[in-house]
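Visitor: Dropping a structure here in structure tokens format, bear with me for questions.
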Amino acid sequence: MPQVVNLKLYNQSNDKNNSQIVIFQKNVATDFDELSIAWRVIQNLGRGNYHPFTYSLALDVSANDSWNNFTPTFDASPGELWDMSLTSSGNELQLSTSPATSPEEVQVRNALPQGAIDANVFRDNLLLATKTSIAPGQKAVFKFKPTIFIGVASQIQQGKVMDSAIISDINTEISLLGIKSADIVMSGGGPGTGSTPFHFTLQNVTRL
């Protein structure tokens with residue numbers, strides 16, 4: 001069974017704007033700052049309330065082609081290379097007989113003779129990262145540290161690409177390495193001149 005971290009987000013802030021809380025990860029396999037996907041967006045979390053969620057170490061992968069066909073999602077592990085290939089029945093995403101060029105990455109290669117593809121990675125059945133317009137012969141690479149970024153935002157859609165300005169504003173990075181369960185407590189915020197920045201801390205940590 002894949003390891004799952006059980007988390008609870010507690011709102012102990014002074015926020016009166018019913019702000020959204022966004023959680024995402026950054027694909028560290030790329031050398032440039034690509035835009036991140038809003039993995040989870042928590043809404044309507046009143047003061048004093050909590051929101052339980054999980055972080056599974058398991059990943060899933062899927063792809064879609066330029067003919068607007070979508071593959072199923074498949075369990076994927078670091079070190080695996082997946083090929084989008086033309087078979088006798090059409091385009092299919094299959095685990096390659098060759099490993100990925102890095103044991104820490106999940107890689108998706110466009111092995112089609114023509115047409116670009118998009119590669120998608122999921123965690124807990126929610127879209128975590130995507131790479132679009134992969135040309136034939138090219139591949140997407142995905143690697144994630146066991147950390148999440150969390151912050152307060154507005155007008156964010158879960159599963160959608162976030163604006164670079166929003167990503168740069170969210171600097172709280174929480175490591176989940178070696179953790180079985182924990183509470184994430186949100187504090188700060190509030191109206192008027194006495195308002196302080198939102199703050200997220202890890203509490204009641206149970207380690208493996």
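The values are calculated or read from the model by the stated rules, or taken from the named source; none is laboratory data. Computed from a prediction, not measured in an experiment: that's the story for all the values here. Every residue, glycine among them, receives a Cβ derived from its backbone with ideal geometry; neighbour counts consider all protein chains shown. In case anyone asks, the SASA skips ligands and DNA or RNA and just uses the protein heavy atoms, side chains included. Shrake-Rupley method; radii C 1.70, N 1.55, O 1.52, S 1.80 Å.
Visitor: When all protein chains stay in place, what accessible area (Å², nearest 10, 1.4 Å probe) is found for residue 180?
Guide: 110 Å²
Visitor: With the cut-off at 1.5 for a/c, could you classify the range 106-208 from its C-alpha gyration tensor as rounded, prolate or oblate? Let's see the in-between values first.
Guide: On the way: a/c = 3.62, a/b = 1.76, b/c = 2.05.
Oblate, because a/c is 1.5 or more while a/b does not exceed b/c.
Visitor: What accessible area per residue comes out for the chain, rounded to a whole number of Å², with a 1.4 Å probe?
Guide: Values: 11040 Å² over 208 residues.
Spelled out: the 1.4 Å probe surface of the chain, per residue, equals 53 Å².
Visitor: Using the alpha-carbon centroid of each, what span in Å lies between the range 34-57 and the range 114-140?
Guide: The range 34-57 and the range 114-140 have Cα centres spaced 23 Å from each other.
Visitor: Send over the Kirkwood Rh of the range 162-208, from the inverse of the averaged 1/r over different Cα pairs, rounded to one decimal Å.
Guide: Values: mean 1/r = 0.0780 Å⁻¹.
About 12.8 Å for the range 162-208.
Visitor: With unit charges on the beta carbon (Lys/Arg positive, Asp/Glu negative), name the residue among 172, 126, 187 whose Cα is farthest towards the positive pole of the charge dipole of the range 126-192.
Guide: 126
Visitor: From the backbone phi of the range 57-69, what are the Karplus-calculated ³J(HN,Hα) couplings (6.51 cos²θ - 1.76 cosθ + 1.60, θ = phi - 60°) in whole Hz, Gly and Pro given as x?
Guide: Result, ordered by residue: 6, 7, 10, 10, 9, 8, 8, 9, 10, 6, 9, 6, 9 Hz.
Visitor: Let me ask you something else. If the only charges are +1 at each Lys and Arg Cβ and -1 at each Asp and Glu Cβ, what is the size of the charge dipole of the chain around the Cα centre, to the nearest 20 debye? Before the final figure, lay out each step's value.
Guide: Numbers: 14 positive and 18 negative charges, 127 e Å.
The calculation lands at about 620 debye.
Visitor: Keeping every protein chain in place, order 199, 51 by accessible area at 1.4 Å, biggest value first, i.e. largest first. Could you put the intermediate results ahead of the total?
Guide: Working: 199 100, 51 65 Å².
Sorted descending by solvent-accessible area, the residues read 199, 51.
Visitor: Please list, in order along the range 72-86, the HN-Hα scalar couplings obtained from phi with the Karplus expression 6.51 cos²θ - 1.76 cosθ + 1.60 (θ = phi - 60°), rounded to whole Hz, x for Gly and Pro.
Guide: Calculated HN-Hα couplings, in order: x, 8, 10, 4, 10, 10, x, x, 9, 10, 10, 10, 8, 10, 8 Hz.
Visitor: Please list 163, 118, 65 from largest to smallest accessible area, probe radius 1.4 Å, with all protein chains kept in place.
Guide: Working: 163 90, 118 40, 65 10 Å².
Greatest to least solvent exposure: 163, 118, 65.
Visitor: Quote the Stokes-Einstein diffusion coefficient, in whole µm² s⁻¹, for the range 39-184, based on the Kirkwood radius over alpha carbon pairs, a temperature of 25 °C and a viscosity of 0.890 mPa s. Can you show the working numbers first?
Guide: Details: Rh = 17.0 Å.
Reported coefficient: 145 µm²/s.
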